[in-house]
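Reviewing the structure listed below.
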């Protein structure tokens, strides 16, 4: 398990040549805005990465629309911090599709933190009493508590926007995870306001500031009633 969680990858010849702009000098991060695709080369994976990639694969194979939000986005791109959970927002699901999703998750090595993933009745109650009511449902990978996955249904306008405008990230030409638009992610992190959240916002802004849509960022800052000028100040060398 430890070897899988901290797997080193060569990375050589692991990425297709596509259009887009190289965000980093070594071309380990390429952003194609037109296609809304980011190519990312990673040599070392953390537990958060493995759990996120495994659950994203379950969703991709289940054809469930999703977007990853919150702190994991900064971790994915190299911010040196840890997280207890990875937040997934899912498109609206009926009970039958959620039961099927749990079946596929179980086959991929996931269990539920609350409820019995092997019991259809238990899964249905989770859907009725938690997801439908706006609460999150947590999954564990191989019964490891941290990090875990929390899923919610897209109920807020911000969640729906993130889902509709998500960005596809392809890691080492092998793993796929879909993230919130960077402009929204940065502004919302500032809105949350904790030191950790502001740090995430500054990290993402510093990394992508030449590639983000500044009008879009300012729009979200205005809507959330926050001052984005802190980003420029904090990102100065």
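Please treat every number below as a calculation from the coordinates, not as lab data. Computed from a predicted structure; not experimentally measured. Don't worry about glycine lacking a Cβ; one is built from the backbone with ideal geometry, like all the others, and counts go over all protein chains shown.
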Notebook entry, point to check: With the contact rule set at Cα under 8 Å and sequence spacing of 6 or more, what percent relative contact order holds for the stretch 182-237?
Noted result: 45 percent
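What is the Cα radius of gyration of the stretch 81-163 over 2.2 N^0.38 Å, N being its residue count? Let's see the in-between values first.
Working: Rg = 12.5 Å, N = 83, 2.2 N^0.38 = 11.8 Å.
My calculation over the Cα atoms of the stretch 81-163 gives 1.06.
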Next item on the list: Note the angle between two axes, namely the Cα long axis of helix 214-224 and the longest principal axis of the Cα atoms of the chain, as a number of degrees from 0 to 90, rounded to the nearest 10.
Entry: 60 degrees
Notebook entry, point to check: Can you give the angle from 0 to 90° between the axis of helix 47-62 and the longest principal axis of the chain, with both taken from C-alpha atoms, to the nearest 10?
Noted result: 70 degrees
Notebook entry, point to check: When only C-alpha pairs under 8 Å and at least 6 residues apart count, what is the relative contact order of the stretch 95-193, in percent?
Noted result: 17 percent
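Count the DSSP beta bridges whose two residues both fall in the chain, then state the antiparallel fraction as a percent rounded to the nearest 5. Mind showing how you got there, number by number?
Numbers: 23 of 34 bridges.
Given both bridge residues lie in the chain, the antiparallel proportion sits at roughly 70 percent.
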Checklist line | Degrees between helix 195-208 axis and first principal axis of the chain (Cα, 0 to 90, nearest 10) | finding: 60 degrees
Notebook entry, point to check: How high is the FRET efficiency from residue 108 to residue 196, r the C-beta distance, R0 30 Å, rounded to 0.05?
Noted result: 0.55
Check: Give me the log10 of I(q) over I(0) for the chain at q = 0.10, 0.12, 0.16 Å⁻¹, as the Debye formula computes it from C-alpha points; what are the numbers?
Finding: -0.47, -0.69, -1.19
Notebook entry, point to check: Hey, what number do you get for the chain at 222 nm if only DSSP H runs of n ≥ 4 count, each worth -39500 (n - 2.57), divided across all residues, to the nearest 500?
Noted result: -11500 deg cm²/dmol
Check: In units of 2.2 N^0.38 Å, what is the alpha-carbon radius of gyration of the stretch 182-237?
Finding: 0.97
Next item on the list: Using label points projected 7 Å from each Cα along Cα→Cβ, tell me how many nm separate residue 143 and residue 36, to one decimal.
Entry: 4.0 nm
